[in-house]
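Following: one structure in C-alpha cells, then a few remarks.
The values are calculated or read from the model by the stated rules, or taken from the named source; none is laboratory data. Please read all numbers here as calculations on a predicted model, not as lab measurements. We place every Cβ from the backbone using ideal geometry, glycine too, and count neighbours over all the protein chains shown.
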Amino acid sequence: MSSGPPFAGLRVLEIGDGIALRTAGMLLADLGADVVRLGGAAPADPSAPGPLCWDRGKTLALGLPAGADSSDPSVRRLLERADAVLVDATPAALHRRGLEAEAVALVNPAASHVWLPPVATNGRWAELPESGLLLDAISGFAAHHPATRDVPVAQVVPTRLHLHGAMGAAAAAAAFVARDRDGWGRAATVTGLQAVGASLCTLITKAVDGPAVISPGKSLAGGPNFRMYQDRDGRWLFLAALSPELFLRALDVLDAMEVMVRDDVMGEFANVLRPGVGEQVTERLAGVFATRTTDEWLAIFGDAGIPIAALGLPEEWLEGGLVAHASPPVRRRHRVLGEIVMPGFPVAFESATVSVGVPGGSVEEVSDVWADIGPVPPPTAPRPSDDRPLVGLRVIDTSTFLAAPFISALFAEQGAEVVKVESVTGDPYQAFPGAYSVANQHKRRLRVDLRDDAERVRFFDLVSRADIVVDNLLPASLERLGLAHEAFLEANPDVIRCSVTAFGQSGPWAELPGFDPLLQSMSGLATVQGGADRPITTGAPVHDVTTGALGALGALGALHQRAQGGAGQRVFTSLAAASTLLQSGELTRYEGRPPRPVGGPDFPGPTPWNRYYRAADGWLAVDADATALCEALGRRELAALDAADAAEAIAEIVAAADASVWADRLAAAGVPACVVTPAYGLDDAFLVEQRYAGIVESPASGRFQVINGFTDWRGAERLPQIAAEAWLVDPTTIDTLFR
C-alpha cells in the first residue's frame, strides 16, 4: 500500500541558481518536499530545457532584490519556516549574505543547512562560479580524460554537477533522519571538488611505496577487458569484463583463452593490463569481435552473463524499452510549450510514492510563500555531542564493486555503523586494492557462506538488528541464496532494503550485470562526447557514484518515513536510472527545443570563451563572457571574430605566458579562469589545502594515496583513512555485532 511521498510536509528553501543546487532541490521536491527557490531567474523558456526539469514542482518566489541577504525580512521569515536550507554561494557571497550555517542556526536551530559551494570552501579557486569545465580542470578530471594526445578534455554533458546535486540531496536526507532523532538541524558541506573527487575516487589511486597502480591513462581504447570493439556490422560494442572472473569467462566465449598462457601473462590477470601486453591482447580480441554481428555477440555474451552493450543514441534512450523498466520518463503539460518529456525520479519505492511536478515550477510572490505557516519550533532535547547525522544507524552491506558499496560508504562517513558481508572468496573488487579501500574503508567486514543454512540463520539474526540492508545481487541470485524478500520481512519487518542493479528489477536486462561505461555507451553519452568521430567514454565512474548517492537518498527517505509512523520497505535504483539524471537537461524534450551540443576527440570546450588553452608551462581553463575575456586580454576586437579565428588568436596570446600568470591576470579582471591540474596531481597545493586525498595503508599492497572525504559536517571531524583489509573480523563474532 502507498504511504505517500517520503518528505511530504517538509519545507526546503533553495537559494541560488546553479545546476547542482537545482538538481538537489528537484530530487527533494520529487520526494514530496515543498521546495521554494530564491534564485532570481524567471521561469524557464524554450531556450532552457534543463531548468524545465530541474525546477519542476518548485515554487519560484519573486519580488526579492537580487542577492537579498538574511537581514531582508522576507528572507528571514522563510528561514524561520524552513526545515532545510540549500545554498550554493561562494564563500565570500555566503558570508556577505549572512547565509552561513551558524547564522541560519541562530534564526532556526531546527533547520538543516546544506552548502554546495561551486568549488571549495577556501583557497585560491574558491570564488570561481559553478562551471563543469573549471571544476574538471582543478580536480584532475580534464587531465585524466581519454584523448589522442596529452591534452585536457572538456566534457560535453555536466554530469559531475548533477552528481554534486545528488550528494547534496543525500546530505539533506541524512540531516532529516538526524532531526527525527533529536530535533536539531545539522550542517553539511558538499563542495564541487568533493563531488568530482567522488567520481574520480577509484580512478585516481596512486601508489606511495607499494606496487604501481596499473591504469589505462588517457588512452581512448582502455584495457583489453574494459573497452570498445567493433563487430562485423561496424558497430561499437563495449566489453565490461572488469574483474578477473568476468574476463576469463569472456576469453572462453571468444575462444581466446590462450592469451592467459602467454609468457608475458603467465596466468595473471594483472599482467594482461600492462603496457605492451594489453595492446597485443586487444589486437587478438579485436580480430574475434570482427567475425560476428552485433545481435550475435549480444546474445552470446548475454547467455554467458558477461556485461556488454552496443552503442546507443541519446534520443532513443529516455523513451526506450530499457529505461521503461528502470526509471520511466514522465510527461507533463507546460503552460506555453505543451507536452514536456522529462526523466522520471531515479529511485523507486515499494510503498512510498514520488511526486514529479509542473515543468519549470510555479511562480508566487515572496510575500505569499508559506504565509499561513508559523516558524519551526525549536528543539527541546539537549544538543547531541556528535553532529554526524547517522550515529546509531546500523547498516548491512552485502554488495560488491562500487555503486552499491558507495551507498554504505556515505553512511559510514556520516556516522553509521556498517558491516560489509562478503562471500567466502571476498569482493571481486579487491583485484583493485586502492579502489576497493576507497569504497569500503570504515566498514567492518566479515565473510559468510550464505549457501550454508547455519550461517544464513546467523546472517538473518544480524538483519533482525539492522536499520538498512544494501545489496546489488541480481534478482535470481537473491532467490538462489535464500535471500528472498520474505526472509528479510520475517527477520525484521521494519528493515529498509536498498537494492541496486544495472538495469532495473524487471525486463530483459534485469538479470545482467553492468558497469559505468556500458551506460555511457547505451545512453548515448559516449556518442555525444565523441561527436562525429568514434564514441568516447571516460574511465571515471560517474554513473556508479551517482547511483550510490541516489540509493543513499532513497534509503534515508524511507527511513525518515518509517520514523513518521511508516513501516520498513524496499527501495530500488540502478545505473540506468542514474543515467537519466546525469543527462536530465539534455534528455528533456519538447517541440522546438534547441539541439544539444556535441564534442569530438580531444574536445577543448564549446566556444573560444569556454575552453582549455595551452599556456607556456601548462594549461589554462577559461569559462567567461566573450567581451569580458577579450577585454581582459587587451584584444576587444576578438569578440567579433568567428569561433575558429577567435580561438586561434586567443591560443596565440595565452601561449606567451605561464598558466598561473594568466589565471591571476584574468581573476583581477573578474574573468573566471584557473590552471589545469595534471593527471595524478594530488600533491597540488590547492588540492592539499582542501584535503582532497589521503594515505591509506594496505597490509597487502602497501600505501596508497586516494581521494577521500565526500561530505563534511559542522562539529564533526573526518574519519581517519583506514585500509579496508584492516576491518576484516572473525565471522564467528557475527553474534556480537549491532549489540
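Odds and ends about this structure:
- Of all residues in region 643-677, those satisfying the criterion of being of a type in the set (Asp, Glu), more than 19 Å from Leu128 (Cα to Cα) and out of contact with any Pro (no Cβ under 9 Å at 6 or more places or on another chain) are Glu652, Asp658.
- Given (1) in contact with a Gly (Cβ under 8 Å, 6 or more places away or on another chain); (2) aromatic (Phe, Trp, Tyr); (3) more than 29 Å from Ser219 (Cα to Cα), number of the condition Phe738 does not satisfy: (1)
- Options Phe738, Phe710, Phe686, Phe704: the member that is crowded, with 18+ Cβ neighbours inside 10 Å, farther than 25 Å from Glu100 by Cβ and among the aromatic types (Phe, Trp, Tyr): Phe704
- Number of positions in region 675-724 that are under 29 Å from Ala169 (Cβ atoms) and in a strand (DSSP E or B): 7
- So Arg562, is it surrounded by fewer than 24 Cβ atoms within 10 Å (Cβ to Cβ), in a loop (DSSP other than H, G, I, E, B) and among the basic types (Lys, Arg): no
- Every residue from region 467-489 that is free of Cβ contacts under 8 Å to residues at least 24 places away in the same chain and surrounded by fewer than 15 Cβ atoms within 10 Å (Cβ to Cβ): Ser477, Glu479, Arg480, Ala484, Glu486
- Set side by side, the residues Val418, Val438 differ, and just one is part of a strand (DSSP E or B), crowded, with 23+ Cβ neighbours inside 10 Å and either of a type outside the set (Lys, Arg) or modelled with pLDDT under 90 (or both), which is Val418.
- Counting only strands (runs of 3 or more DSSP E) wholly contained in region 566-672, the ones carrying 2 or more residues that are among the aliphatic types (A, V, I, L, M) and surrounded by 15 or more Cβ atoms within 10 Å (Cβ to Cβ) occupy 619-623.
- Some residue of region 47-65 being modelled with pLDDT under 95, over 30 Å from Phe349 (Cα atoms), touching a Phe, Trp or Tyr at 6+ places or on another chain (Cβ under 9 Å) and not acidic (Asp, Glu): no
- Only one of the numbered conditions (1) closer than 29 Å to Val419 by Cα; (2) outside any loop (DSSP other than H, G, I, E, B) is violated by Ala324, and that is (1).
Here's the yes/no breakdown for (1) in contact with a strand residue (DSSP E or B) (Cβ under 9 Å, 6 or more places away or on another chain); (2) touching a residue at least 60 places away in the same chain (Cβ under 8 Å); (3) crowded, with 21+ Cβ neighbours inside 10 Å:
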{"position": "Leu313", "(1), (2), (3)": "no, yes, no"}
{"position": "Glu316", "(1), (2), (3)": "no, yes, no"}
{"position": "Arg331", "(1), (2), (3)": "yes, no, no"}
{"position": "Ile340", "(1), (2), (3)": "yes, yes, yes"}
{"position": "Phe349", "(1), (2), (3)": "yes, yes, yes"}
{"position": "Val363", "(1), (2), (3)": "yes, yes, no"}
{"position": "Gly374", "(1), (2), (3)": "no, yes, no"}
